[in-house]
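Okay, handing you the structure first.
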Amino acid sequence: MKNFKKTGGFKTPLFKALLADGMHEKLSYAFVSNGFVYASNGVILIKQSLSEIHEIDEDQQKFIDGKSFHLDLLKQLWKFKFVEFTENSIKAGDGKACGEFEYSTQIESPNFEALFNYSGEIEAINQVGISPKQLTLLSDVMDLNT
């Protein structure tokens, strides 16, 4: 569900779409690129606009473009009411307490955009299986309930 009370930062719980199994390191990070944030657990892939969904202004988008955010960092930032991205750190607070966080270790992003722009030959799919758990997760993170 979208966090309308939050000023700045990510307004949807992206950390829920990430994998915390310790075996698939890249899938425990959300990646920011060209005005979008991407998060995947290997089953679902989230692509959200920084300006339309998260309402992050262009100046702050420049600071986070090309950055990765570990799921633990995203969980911490989710707890705060205001989040500001700066060139070298992330400032967050809730009116009573505030903190400054370092960006996650830079890790190379999988090429998620290639999945959206697939131009190869497509085979017909006769059956599709949908996991209710993954569908609910997708709904929660994509803010489809509003």
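Per-residue counts of other Cβ atoms within 10 Å, averaged by peptide: what ranking do you get for 6-18, 66-78, highest first?
6-18, 66-78
Something else about it: Under 8 Å for C-alpha pairs, at least 6 residues apart: give me the relative contact order for the chain, rounded to a whole percent.
Computed over the chain, the figure is 27 percent.
Over the chain, give the accessible area per residue in Å² for a 1.4 Å probe, as an integer.
Computed with neighbouring chains in place, this is 63 Å² per residue.
Evaluate E = 1/(1 + (r/R0)^6) for LEU135 and LYS81, where r is the Cβ-Cβ distance and R0 equals 30 Å; express this FRET efficiency to the nearest 0.05.
0.50
Could you give the spread of the C-alpha atoms of segment 17-84 along their three principal axes, from largest to smallest, in whole angstroms?
35, 24, 17
Expressed in nm to one decimal, what extension gain is obtained for the pair ASN88 and ILE44 from 0.36 nm per residue of sequence separation less their Cα-Cα distance?
Length gained, ASN88 through ILE44: 12.8 nm.
Still on this structure: Once you've got the Cα coordinates, tell me which of LYS62/LYS133; LYS26/LYS81; LYS11/LYS133 are over 25 Å apart.
Too far apart for the 25 Å limit: LYS62/LYS133; LYS26/LYS81.
With each label point set 7 Å from Cα along the Cα-Cβ vector, what nm distance links GLU123 and MET142?
For GLU123 paired with MET142, the spin-label model returns 2.5 nm.
Cα atoms only: what Rg and Dmax, in Å, come out for the chain?
15.9, 56
Among MET142, PHE69, GLY95, which residue has its Cα furthest toward the positive end of the charge dipole of the chain, with +1 on Lys/Arg Cβ and -1 on Asp/Glu Cβ?
Toward the positive end, the furthest listed residue is GLY95.
Using the alpha-carbon atoms, what tilt in degrees (0 to 90, nearest 10) does helix 132-142 show relative to the longest principal axis of the chain?
40 degrees
Still on this model: Roughly to the nearest percent, how much of the accessible area of segment 49-128 is carbon and sulfur, given a 1.4 Å probe?
46 percent
Test of understanding: in a Gaussian network model of the chain with alpha carbons linked when under 10 Å, which of GLN61, GLN134, GLN48 would top the mean-square fluctuation ranking?
Of the options given, GLN134 has the highest mean-square fluctuation.
The values are calculated or read from the model by the stated rules, or taken from the named source; none is laboratory data. All figures in this text were calculated on a predicted structure; none of them were measured in a lab. Cβ: placed from backbone, ideal geometry, glycine included. Neighbour counts: every protein chain shown. With ligands, DNA and RNA removed, areas are computed over all heavy atoms of the protein, side chains included. Shrake-Rupley method; radii C 1.70, N 1.55, O 1.52, S 1.80 Å.
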